[in-house]
Structure formats: structure tokens, C-alpha cells
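Take a look at the following structure, please.
The values are calculated or read from the model by the stated rules, or taken from the named source; none is laboratory data. This is a predicted model, so every value here is computed, not measured. Backbone-built Cβ (ideal geometry, glycine too); neighbour counts: all protein chains shown.
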Amino acid sequence: MRSVNVSAKNAAAYGNFVGRAMLRRQPAVTVRAASSVSSGLDNSKILVAGATGGTGRAVVEVLAAQGVPVRALVRDPVKASSGSGLAGLGSTTEVLRGDVFQYGSLPPAMEGCTAVICCTGAGDPRDPLGPFNVDYQGTLNLIAAAKLRGVRQFVLVSSIGADDLLNPLNLFWGVLFWKKRAEEELQRSGLTYTIVRPGGLKNKLGQGEVAGNIVMEGPGSFGVPPAKKSGSILRSQVAEVCVAALTEPAAANKVVEVIAERGAPAKSLGELFAGVNWF
């Protein structure tokens, strides 16, 4: 079976990292309300992995506001249906229980989807296997399932600093190292991809703070010196970048780093993607 091949391949190479997880699939649950706004995603259905995380939820909100059908892949449907989850985001949004580390749950979740936006990330700093299991193995499982189901596009949320082996964040069980390995697998997959590397993620603005305009550059532009100092960006802005990547031709097969800066010139996302040339 495909699930055995994918897991076995990586278990052979990274046997000391592979853990086990338990998964019980439940039927999809539809959540309520929605608006229908014309977008460039007609006849599309988007799978959002990590949909109850901060960035994933922001992506679902942007898609729901455009009336785009969304399948939100979550590990905890109860959390997804709570007020802080995905409740109230529209009749076009369905919630499906699944786990990126359990390959068998993914091909059914991909059925009928045209694109994937992956917003997953290891969340427990006490788990030394988290970055491997989620940021690497989980992403590889999503890529394999997408190819099996004929999904056309894959947007991956990674992180500024993924190229920097000595970045302090790698003290968190090599989280950026594993994100970079997942990026490479996506680039080799044959899927049309966009890899979005945000700076420091912010849920909302502080008192008196003004949101800056999005600044987008190629990989390695921000991070450890001599690269430019990394800034921050709202999760809602990252979500806008991810959704735009599905329709902007200039976003295809690019790695982009994004921050927000007050005083930066205001540009459309199409202009920002077109301005990144890194080959």
C-alpha cells in the first residue's frame, strides 16, 4: 500500500526519529454561515492542513470570505467547532479529522481538492520528535497524497531562517532544518508549488501599532547576518499571500520570504510575486 511505502522509506533513513500516533477518522462536519464573493478560485476546493492553528485559521477565513470551498484538516474536531476554532466560517467550509503523520487519513481528505495549503507546525517544545514528525514527515505525507489524488498546487508555509543551520530556532529539535528538508522534497515533487517563509508571526496589532505593507523577497534575504534583519508580519497577511499564490502566475515554483514594514511601498501581491527572481 502507498501508506506503507511512504512511511517505510523515511523510517529506513530516519529510524531514530519516527514515532507512532493514534488516529480515528470521523465523518466531515460542516460549519455554518458564509459569504459568496467572486475570486480567481472558481471550481476549486482547497485543503488546508493545520486549520486550527493561528495561520491555518487565517487562511480558512480568507478563503471563506471569498466563498471558496475549503476542507479543513484537523486533529481535534471538537476544538475546530469551538468559538476559537472554525465555527461560523461558512457553509463552504467542512472540517475533517485527520493527522498529517498518519498517511492513511490523507488521500481521502484530498478527494476532490484542487490545491493544498499546508500551515502545520510542531507545537510542543517538549517533544523532540515533533519537528521531524510534523514539519518533515507530515509534509512529505501531504505531498505524496496530493500527487496520488492529482492535486495541482501546493502552498507550504515554512519560515524565514530555513537556510540557516546555525539559526537559534534549530535548538528547538532542529525545527528549521526539518522545514528546509520538507521544502526540498516539495521542490522535487513535480507539483506546482509556492513556499512562503514568514518572519515573526503576530496574531494582531498592539495598541497604537500600525500594520506595515508586505515586503517580499527571495530565499535567504532575511535572517542571520549578513542577511537582512528579519521583521514580523500579521498572520492575516501571511494568509493573504498564501491564497494569492494559488491564482498569481508569478507565484508558481517560487520560495518567498515575507515581512511587513511600515513605510514600505504598497504593492499588489501580483507585483510582489513578480518582483522575486531568485534563479
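Going through LYS229, LYS267, LYS254 one at a time, which residue ends up being within 17 Å of the chain's Cα centre (by Cα) and either among the basic types (Lys, Arg) or at pLDDT below 95 (or both)?
Testing whether each residue is within 17 Å of the chain's Cα centre (by Cα) and either among the basic types (Lys, Arg) or at pLDDT below 95 (or both) leaves just LYS254.
Any residue in the stretch 253-274 that's within 21 Å of LEU186 (Cβ to Cβ): show its pairings with residues that are of a type in the set (Ser, Thr, Tyr) and assigned to a loop (DSSP other than H, G, I, E, B) at Cβ separation under 6 Å, as long as the two are six or more apart or on different chains.
GLU257/SER221
Within the set of pairs 6 or more residues apart or between chains, which connect a residue that is among the β-branched types (Val, Ile, Thr) inside the stretch 129-154 to a residue that is at pLDDT below 95 with Cβ atoms less than 6 Å apart?
Short answer, once both residue conditions are applied: VAL134/ALA122.
Further, regarding this structure: Checking VAL215 against (1) outside any helix (DSSP H, G or I); (2) in contact with an Asp or Glu (Cβ under 6 Å, 6 or more places away or on another chain); (3) within 29 Å of GLY98 (Cα to Cα), which test does it fail?
VAL215 satisfies all of (1) outside any helix (DSSP H, G or I); (2) in contact with an Asp or Glu (Cβ under 6 Å, 6 or more places away or on another chain); (3) within 29 Å of GLY98 (Cα to Cα) except (3).
While we're looking at this one, here's another question. So if I check each of SER189, SER236, which one is surrounded by fewer than 23 Cβ atoms within 10 Å (Cβ to Cβ), part of a loop (DSSP other than H, G, I, E, B) and among the small types (Gly, Ala, Ser)? Don't jump to the end; show me each part of the working.
Working: SER236 fails: part of a loop (DSSP other than H, G, I, E, B).
Selected residue: SER189, the only one of SER189, SER236 that is surrounded by fewer than 23 Cβ atoms within 10 Å (Cβ to Cβ), part of a loop (DSSP other than H, G, I, E, B) and among the small types (Gly, Ala, Ser).
Which residues, counting only those in the stretch 109-128, are crowded, with 24+ Cβ neighbours inside 10 Å and either free of Cβ contacts under 8 Å to residues at least 12 places away in the same chain or hydroxyl-bearing (Ser, Thr, Tyr) (or both)?
THR120
Which is β-branched (Val, Ile, Thr), surrounded by fewer than 18 Cβ atoms within 10 Å (Cβ to Cβ) and over 18 Å from the mean Cα position of the chain (by Cα), of VAL224, VAL215?
The unique qualifying residue is VAL224.
Residue by residue, here is whether (1) without any contact (Cβ under 8 Å) to a residue 24 or more places away in the chain; (2) in contact with an Asp or Glu (Cβ under 7 Å, 6 or more places away or on another chain) holds:
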{"position": "ILE160", "(1), (2)": "no, yes"}
{"position": "ASP163", "(1), (2)": "no, no"}
{"position": "ASN170", "(1), (2)": "yes, no"}
{"position": "VAL175", "(1), (2)": "no, yes"}
{"position": "GLY200", "(1), (2)": "no, no"}
{"position": "GLY208", "(1), (2)": "yes, no"}
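Of the numbered conditions (1) under 25 Å from THR247 (Cβ atoms); (2) crowded, with 19+ Cβ neighbours inside 10 Å; (3) touching a strand residue (DSSP E or B) at 6+ places or on another chain (Cβ under 6 Å); (4) touching a residue at least 40 places away in the same chain (Cβ under 8 Å), GLY90 fails exactly one; give the number of that condition.
Just one mismatch for GLY90, condition (3).
Of all residues in the stretch 193-212, which are of a type in the set (D, E, K, R) and surrounded by fewer than 18 Cβ atoms within 10 Å (Cβ to Cβ)?
Going through the stretch 193-212, the residues of a type in the set (D, E, K, R) turn out to be 197, 202, 204, 209.
Matches in the stretch 193-212: LYS204, GLU209.
Hey, which of the strands (runs of 3 or more DSSP E) in the stretch 47-133, taking only ones fully inside, have at least 2 residues that are under 21 Å from LEU234 (Cβ atoms) and touching a helix residue (DSSP H, G or I) at 6+ places or on another chain (Cβ under 6 Å)?
On the way: elements: 70-74, 93-97, 115-118.
Here the list reads 70-74, 115-118.
For ILE143, state whether it is among the β-branched types (Val, Ile, Thr), buried (at least 18 other Cβ atoms within 10 Å of the Cβ) and assigned to a loop (DSSP other than H, G, I, E, B). Walk me through how you get there before you give the answer.
Working: among the β-branched types (Val, Ile, Thr): yes; buried (at least 18 other Cβ atoms within 10 Å of the Cβ): yes; assigned to a loop (DSSP other than H, G, I, E, B): no.
Considered against the rule, which asks whether it is among the β-branched types (Val, Ile, Thr), buried (at least 18 other Cβ atoms within 10 Å of the Cβ) and assigned to a loop (DSSP other than H, G, I, E, B), ILE143 comes out as no.
Of the conditions (1) assigned to a helix (DSSP H, G or I); (2) more than 29 Å from LYS45 (Cβ to Cβ); (3) among the aliphatic types (A, V, I, L, M), LEU165 clears all except one; give me its number.
(1)
Follow-up question, since we're still on this one. Only one residue in SER105, SER81, SER91 is over 14 Å from the mean Cα position of the chain (by Cα), among the polar types (S, T, N, Q) and within 18 Å of ALA146 (Cα to Cα), so which one is that?
Numbers: SER81 fails: within 18 Å of ALA146 (Cα to Cα); SER91 fails: within 18 Å of ALA146 (Cα to Cα).
Criteria check complete, one pass: SER105.
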